[in-house]
Structures are given as structure tokens and as C-alpha cells.
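*Asks:* The structure under discussion is supplied below as C-alpha cells; questions concerning it will follow.
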Amino acid sequence: MPKEQHDDLMTAVIALAQKLEKAKYHADRCSKLLKEATDAATGDSVTTTVLADLCSGVETEAEAFFFQSKAALDLASKVLRPCARINLATFGDKGERVIRALRRNVKAELRSKADALIHLIEDDQEWLGSMIDCRDTLTHFNGLESSGVVSQRVGDSVLVSGPAGKHGDIATQVQTLYFNLVTFCEDFVALAINVAMPPALTVQIVATSDRSDLLVSKYAIAMVPPIR
């Protein structure tokens, strides 16, 4: 890439990484506050009455996570500016704006590379749409639905369950979405860079996202086989 284009790419990637770090902070806080709340709920003060604690802070951190996650997707779309000369302000309509822009603006000889990025978005749209819908609801309509931390003494034991909403345990949901978000953004950036590469070269995914050794490369550059 020319220096100006390369600098633009690095600026976009760093901004995305910083936003993902903020999402991670809130995801980690969810787990930390859940542990503190459940530890406190197992004390001797718990009676046979069912108690629900709605002030653990888990819900607050989960809501913040959803806000940062949507912002991360918006920043991911900006990687297309230096890579594909596509200037987008947001991820837009659960990724449909990105898909339309790729279909309309990428040169014919790079269409297969754009298609790889389109397929990534389409394959992940179910969880992306659910996450974005939740963020939109929190922003415009209502707070996060939650049971709170529920505890009840049964004999000599105290049964405790973490805050749950309509999609199940909130802290678990946040951790799953964070993993999905990070791996989606990794692939999005790699495949966006792929669009910017010469037609004879391509980026390939060669390792799984959940590999135990993060020093193992997830991507490799390969020659495109000639058409016979």
C-alpha cells in the first residue's frame, strides 16, 4: 500500500482494537461482579425465602458491553476505506450496508475476494443481529431484562443462580458474544486486507479462532491458482 493508505489502515485497526479492549473490560467486569455477588449470596444470612439481588452491577456492565460492541462493528466497517475505497460511517442494518457497498464498489477482478467478506457477514448475521437488536433496545426503549442474582436456602445448602434474561445467563451470554465479536473482527480485517491485495495473492484462514496457542498464525498469504 502507499504510505497514506497504509497509515489510514493502521489508524482504523488501532481504533478497532481499542474499542474491542473496552468491550473486553465490560465482559470481564460482568464475570467478576457475578462471582462477587454469588459468593455473597451463599452466606449464613440467606433464609428459606427466595432473594433476588438486582444491584450486583452485572446488568450495568452487560449493557455497557452491548454499547461498545456495536461501536466496534461500526469501527470495523471503516477498515474498508483504505482497503476497498469504501467509506462507511456505520456497520449499518446488521451488516447489510456493508454487503451492499461491497457488491456495488469492488472491481470485477476482485469480486471473489469481496464475496468472501460478504459470506463472513452473512454467516454471522444471526448472532450479530441479535446483539445489535439488544443494543438498540437498550438505547431506545428499555433496560436489560434480568432476574437478578437469585438465592434460596434449601436444608443446609444455598442455591444461587446468576442474573438471567430471555436469552439465559447474562454473564455467559456476554462472554460468548465477546468471543464471537473478537473473532469476527479478526476475520473482517483479514478479509478486508485481502480485497486490497493484488489479484494473484489471497489471504487464507489456516487455524481456528479458539486455538490454544495464540502465537500460531490464524492466516496465511497464498498464490491464487491460475484459471485453466
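The values are calculated or read from the model by the stated rules, or taken from the named source; none is laboratory data. Just so you know, these numbers come straight off a predicted model, no measurement behind them. Cβ coordinates were reconstructed from backbone atoms using ideal geometry, including for glycine residues, and neighbour counts include every protein chain displayed.
*Asks:* Being free of Cβ contacts under 8 Å to residues at least 12 places away in the same chain and basic (Lys, Arg) is the filter here; which residues of segment 193-224 pass it?
*Replies:* If the condition is that a residue be free of Cβ contacts under 8 Å to residues at least 12 places away in the same chain and basic (Lys, Arg), then ARG211 is the only one that fits.
*Asks:* Moving on. When you scan segment 76-84, do you find a residue that is modelled with pLDDT under 95 and either assigned to a loop (DSSP other than H, G, I, E, B) or more than 22 Å from ASP124 (Cα to Cα) (or both), even just one?
*Replies:* No, segment 76-84 contains no residue that is modelled with pLDDT under 95 and either assigned to a loop (DSSP other than H, G, I, E, B) or more than 22 Å from ASP124 (Cα to Cα) (or both).
*Asks:* In segment 189-209, is there at least one residue being under 30 Å from THR60 (Cα atoms) and crowded, with 18+ Cβ neighbours inside 10 Å? Break it down stepwise before answering.
*Replies:* So in segment 189-209, the residues under 30 Å from THR60 (Cα atoms) come out as 189, 209.
Next, only the ones that are crowded, with 18+ Cβ neighbours inside 10 Å stay: 189.
Scanning segment 189-209 turns up at least one residue that is under 30 Å from THR60 (Cα atoms) and crowded, with 18+ Cβ neighbours inside 10 Å.
*Asks:* Going by the structure shown, is ALA71 modelled with pLDDT under 95 and in contact with a helix residue (DSSP H, G or I) (Cβ under 8 Å, 6 or more places away or on another chain)?
*Replies:* Values: modelled with pLDDT under 95: no; in contact with a helix residue (DSSP H, G or I) (Cβ under 8 Å, 6 or more places away or on another chain): yes.
Against the criterion (modelled with pLDDT under 95 and in contact with a helix residue (DSSP H, G or I) (Cβ under 8 Å, 6 or more places away or on another chain)), ALA71 does not qualify.
*Asks:* So GLU59 clears everything in (1) under 15 Å from THR172 (Cα atoms); (2) modelled with pLDDT of 95 or more except one condition, right? Which one?
*Replies:* Every listed condition holds for GLU59 apart from (2).
*Asks:* Restricting to segment 133-186, and then to whatever is of a type in the set (Phe, Trp, Tyr) and crowded, with 18+ Cβ neighbours inside 10 Å, can you tell me which residue is farthest from SER56 (Cα to Cα)?
*Replies:* First pass over segment 133-186, keeping only residues of a type in the set (Phe, Trp, Tyr): 141, 178-179, 184.
From what is left, the residues that are crowded, with 18+ Cβ neighbours inside 10 Å are 178, 184.
Numbers: TYR178: 20, PHE184: 30 Å.
Checking each candidate, the answer is PHE184.
*Asks:* Within segment 54-82, which residues are closer than 12 Å to GLY92 by Cα and of a type in the set (D, E, K, R)?
*Replies:* Matches in segment 54-82: LYS70, ASP74, LYS78.
*Asks:* Kindly indicate whether ALA64 is in contact with a Ser or Thr (Cβ under 8 Å, 6 or more places away or on another chain), at pLDDT 95 or above, assigned to a helix (DSSP H, G or I) and buried (at least 18 other Cβ atoms within 10 Å of the Cβ). Give the derivation first.
*Replies:* Numbers: in contact with a Ser or Thr (Cβ under 8 Å, 6 or more places away or on another chain): no; at pLDDT 95 or above: yes; assigned to a helix (DSSP H, G or I): yes; buried (at least 18 other Cβ atoms within 10 Å of the Cβ): yes.
No; evaluated as a whole, the condition is false for this residue.
*Asks:* Further question on the same structure: May I ask you to say which residue of ARG97, ARG111, ARG85 is free of Cβ contacts under 8 Å to residues at least 40 places away in the same chain and either touching a Leu at 6+ places or on another chain (Cβ under 8 Å) or surrounded by 22 or more Cβ atoms within 10 Å (Cβ to Cβ) (or both)? Before the answer, list the steps.
*Replies:* Working: ARG111 fails: either touching a Leu at 6+ places or on another chain (Cβ under 8 Å) or surrounded by 22 or more Cβ atoms within 10 Å (Cβ to Cβ) (or both); ARG85 fails: either touching a Leu at 6+ places or on another chain (Cβ under 8 Å) or surrounded by 22 or more Cβ atoms within 10 Å (Cβ to Cβ) (or both).
Sole residue among the options that is free of Cβ contacts under 8 Å to residues at least 40 places away in the same chain and either touching a Leu at 6+ places or on another chain (Cβ under 8 Å) or surrounded by 22 or more Cβ atoms within 10 Å (Cβ to Cβ) (or both): ARG97.
*Asks:* Can you tell me how many residues in segment 144-164 are under 19 Å from SER31 (Cα atoms) and either touching a helix residue (DSSP H, G or I) at 6+ places or on another chain (Cβ under 7 Å) or without any contact (Cβ under 8 Å) to a residue 12 or more places away in the chain (or both)? Full working, then the answer.
*Replies:* So the first thing to find is which residues in segment 144-164 are under 19 Å from SER31 (Cα atoms), and the list is 144-151, 159-164.
Cutting the leftovers down to either touching a helix residue (DSSP H, G or I) at 6+ places or on another chain (Cβ under 7 Å) or without any contact (Cβ under 8 Å) to a residue 12 or more places away in the chain (or both) gives us 144, 146, 149, 159-160, 162-164.
The qualifying residues number 8.
*Asks:* I'm trying to understand the selection: among the residues of segment 148-185, which are assigned to a helix (DSSP H, G or I) and among the β-branched types (Val, Ile, Thr)? Even if it seems obvious, please write down each step before you answer.
*Replies:* Going residue by residue through segment 148-185, those that are assigned to a helix (DSSP H, G or I) are 170-185.
Passing the criteria: ILE170, THR172, VAL174, THR176, VAL182, THR183.
*Asks:* If you check LEU110, LEU88, which single one turns out to be among the hydrophobic types (A, V, I, L, M, F, W, C), more than 25 Å from SER31 (Cβ to Cβ) and part of a helix (DSSP H, G or I)? So that I can check it myself, show each step before the final result.
*Replies:* On the way: LEU88 fails: part of a helix (DSSP H, G or I).
Going through LEU110, LEU88 in turn, just one is among the hydrophobic types (A, V, I, L, M, F, W, C), more than 25 Å from SER31 (Cβ to Cβ) and part of a helix (DSSP H, G or I): LEU110.
*Asks:* Check segment 114-122 and report whether any residue there is among the charged types (D, E, K, R), surrounded by fewer than 19 Cβ atoms within 10 Å (Cβ to Cβ) and within 15 Å of LEU73 (Cα to Cα). Reasoning before the result, please.
*Replies:* If we filter segment 114-122 for residues that are among the charged types (D, E, K, R), which is where we start, we get 115, 122.
Okay, now just the ones that are also surrounded by fewer than 19 Cβ atoms within 10 Å (Cβ to Cβ), so 115, 122.
In the following step, the residues that additionally are within 15 Å of LEU73 (Cα to Cα) were identified as 122.
Yes; the residues of segment 114-122 include at least one that is among the charged types (D, E, K, R), surrounded by fewer than 19 Cβ atoms within 10 Å (Cβ to Cβ) and within 15 Å of LEU73 (Cα to Cα).
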